[in-house]
Amino acid sequence: MDGVRLDRPARRAFLVVHVVASAGWLGLSAGLLALGVAANTTGSPATVEAAVRSMQLFADRLLLPIALLTLVSGLVLALGTPWGLARHRWVWTKFWLTLATTTATVFALRPGVNDAVAAVSAGHALPDGGDVLTGPVVSLSAYVFMTAISVLKPWGATRRGRRLREAARKGRPAGPARV
């Protein structure tokens with residue numbers, strides 16, 4: 001099944017949403033990294049607390065909605081355009097990295113930031129500086145990589161993509177669709 005194709009205005013609208021959400025996620029990760037560095041390098045308890053509280057605000061209010069918007073808009077684009085979800089390795093890679101970083105946001109980054117805020121708010125030192133640095137470093141690296149492969153579109157078609165392209169050239173069905 002080739003699925004439903006988006007018409008040009010819809011495709012463009014989803015592309016704008018996807019690029020803006022992705023750029024927002026990239027910028028938010030850079031901001032979280034800057035706050036994490038500030039929390040780890042300052043000697044001021046007030047600055048540490050302000051930095052981790054700011055990280056918590058971003059992590060609790062912005063990260064997950066932006067991550068989900070990026071994931072959903074990317075899926076709509078993949079399934080509604082000839083790129084497909086599993087036809088090109090770069091699209092498939094972006095999908096899995098986006099899913100992994102969204103999951104890491106929920107189960108690693110946010111709990112680490114919340115633990116840091118709880119400790120600092122109770123008057124303790126930052127428990128583990130890595131908790132507020134690792135997540136932003138990993139996510140920022142992933143988003144820069146995903147941006148690069150979005151521009152370069154490396155690696156070619158997947159096996160499924162080659163089979164579908166060959167079937168289209170011969171004017172016959174490609175057989176059972178596999179993702």
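So the values come out like this:
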{"read-out": "Sequence-distant residues sharing a close amide H with H88 (under 5 Å, placed H)", "value": "T158"}
{"read-out": "Label zone at L97, where the point sits 7 Å out along the Cα-to-Cβ direction: region 127-155 residues whose backbone N lies under 17 Å", "value": "135-155"}
{"read-out": "Long-range tail of P(r) for region 85-155 (Cα pairs > 16 Å, %)", "value": "55"}
{"read-out": "Among (1) 63; (2) 51; (3) 58, the entry that matches percent of Cα pairs over 20 Å apart as calculated here", "value": "(3)"}
{"read-out": "Which of L152, L68 is most accessible, then next, and so on - probe 1.4 Å", "value": "L152, L68"}
{"read-out": "For region 1-76, radius of gyration divided by Kirkwood radius, i.e. Rg to Rh on alpha-carbons", "value": "1.22"}
{"read-out": "Gap separating the Cα centres of region 8-22 and region 153-170, nearest whole Å", "value": "24"}
{"read-out": "Rounded tilt (10° steps) of 159-170 against the dominant C-alpha axis of the chain", "value": "30"}
{"read-out": "Listed residue (V117, V144, V37) projecting farthest to the positive dipole end of the chain, Cβ model", "value": "V144"}
{"read-out": "Helix-only CD estimate at 222 nm, as mean residue ellipticity for the chain, using -39500 (n - 2.57) per DSSP H run (n ≥ 4)", "value": "-24500 deg cm²/dmol"}
{"read-out": "Order of exposure, largest accessible area first, which applies to S141, S150 with probe 1.4 Å", "value": "S141, S150"}
{"read-out": "Solvent-accessible ranking of L6, L57, L109, L62, largest area first, probe 1.4 Å", "value": "L57, L62, L6, L109"}
{"read-out": "Net charge, G36 excluded, C-beta distance under 12 Å - Lys, Arg +1, Asp, Glu -1", "value": "-2"}
{"read-out": "Integer Hz, Karplus 6.51/-1.76/1.60 couplings in order for region 112-128, x for Gly and Pro", "value": "x, 5, 5, 5, 5, 5, 4, 5, 5, 5, 7, x, 8, 6, 4, x, 8"}
{"read-out": "Net charge of Cβ neighbours under 14 Å - reference F145; Lys, Arg +1; Asp, Glu -1", "value": "+3"}
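The values are calculated or read from the model by the stated rules, or taken from the named source; none is laboratory data. Here the structure is a predicted model, which is why all the values come from computation and not from measurement. Methodologically, a virtual Cβ is constructed for each residue, glycine included, from the backbone with ideal geometry; neighbour enumeration extends over all protein chains shown. Areas reflect the complete protein model, heavy atoms only, side chains present, ligands, DNA and RNA absent. Shrake-Rupley method; radii C 1.70, N 1.55, O 1.52, S 1.80 Å.
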